[in-house]
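I have placed the structure first, in the form of structure tokens, so that the comments after it can refer back to it.
The values are calculated or read from the model by the stated rules, or taken from the named source; none is laboratory data. The structure presented is a predicted model; accordingly, all values stated were derived computationally and were not measured. Here Cβ is always computed from backbone atoms with ideal geometry, including for glycine, and neighbour counts include all displayed protein chains.
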């Protein structure tokens with residue numbers, strides 16, 4: 001079993017290096033997290049006020065062998081006059097023969113700090129499954145006793161926490177993911193960087209450019225052991241309270257990890273993002289990512305689709321719309 005899960009770690013490492021990344025494999029990324037903070041912060045639960053469910057599918061580096069494919073389903077709602085938030089999330093992330101699946105439940109206690117301001121203190125707990133399908137591997141020497149004949153898996157618990165503050169024009173959040181569960185992997189002689197602590201810092205604001213146009217700049221900084229510091233810079237425009245159009249720039253820099261290799265390449269990418277309120281309940285989104293670094297000729301681009309649904313019409317219950 002230990003050798004089997006060493007293969008999982010090697011598979012993730014080789015696949016990530018082959019796509020020009022750094023040595024620290026990280027949790028799946030999304031370009032449209034700016035419209036659903038539950039992807040990066042459990043303190044976000046209950047922010048939208050009414051029950052909301054969203055599904056996201058992301059296909060990275062299309063047609064690249066073993067490229068990542070990620071699917072998520074999230075839902076959250078508020079209760080007790082907005083002072084509590086509840087949610088759940090389901091994740092499936094396929095990377096070559098290795099697959100990560102998980103589910104978690106979220107609770108956030110929301111403290112009202114002003115007429116429109118709230119501070120959410122959130123926690124999510126669940127379980128993560130790491131698996132590998134040996135039938136998808138092509139060994140040089142067959143049979144290879146180190147490669148499983150079929151699918152094998154391992155489960156580990158998971159715990160995430162976060163703070164999320166917002167008012168009608170500003171938000172900021174800080175969260176920590178993968179706080180428990182690493183020991184279960186180490187007992188199998190594998191320490192997946194997937195299960196290292198992940199730290200997220202987010203911030204954004206909303207500006208009225210006119211009666212019909214709003215501007216929302218934001219950023220996200222992500223830190224994980226063994227990898228450079230990742231950051232996203234986003235700029236979105238809202239037209240007529242119906243259509244979001246904008247983009248994102250993603251890159252990294254070495255700040256805290258002094259022991260990183262000096263020749264690690266940056267993972268630069270730009271994304272075009274659009275989200276449409278098709279109805280008062282239905283929200284549709286699409287993001288197109290294009291890599292801009294020196295290895296871009298060896299990669300294909302990424303596509304991300306999302307569908308969100310409000311269980312009640314937004315305008316029926318929300319006097320102050322939730323744009324974050």
Failed item, numbered, when residue 241 is tested on (1) modelled with pLDDT under 95; (2) surrounded by fewer than 17 Cβ atoms within 10 Å (Cβ to Cβ); (3) on the phi < 0 side of the Ramachandran plot: (3)
Would you mind stating whether residue 136 is modelled with pLDDT under 95 and farther than 30 Å from residue 205 by Cα? yes
Quick one: residue 131 ticks every box in (1) at pLDDT 90 or above; (2) closer than 23 Å to residue 55 by Cβ; (3) crowded, with 16+ Cβ neighbours inside 10 Å except a single one, so which number is it? (1)
Just the residues that are buried (at least 16 other Cβ atoms within 10 Å of the Cβ) and under 13 Å from residue 84 (Cβ atoms), please, taken from region 99-118. 106, 107, 108, 109, 110, 118
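Any idea which residue in region 225-239 is farthest from residue 270 (Cα to Cα), counting only those that are touching a strand residue (DSSP E or B) at 6+ places or on another chain (Cβ under 8 Å) and assigned to a loop (DSSP other than H, G, I, E, B)? Steps first, answer last, please.
Taking region 225-239 and keeping what is touching a strand residue (DSSP E or B) at 6+ places or on another chain (Cβ under 8 Å), we get 227-239.
When the remaining residues are screened for being assigned to a loop (DSSP other than H, G, I, E, B), the result is 227-228.
On the way: 227: 20, 228: 18 Å.
Looking at the filtered set, the residue picked out is 227.
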Going by the conditions given, is residue 289 modelled with pLDDT under 95, crowded, with 19+ Cβ neighbours inside 10 Å and outside any helix (DSSP H, G or I)? yes
Condition test on residue 222, is it assigned to a strand (DSSP E or B), over 18 Å from the mean Cα position of the chain (by Cα) and at pLDDT 90 or above? no
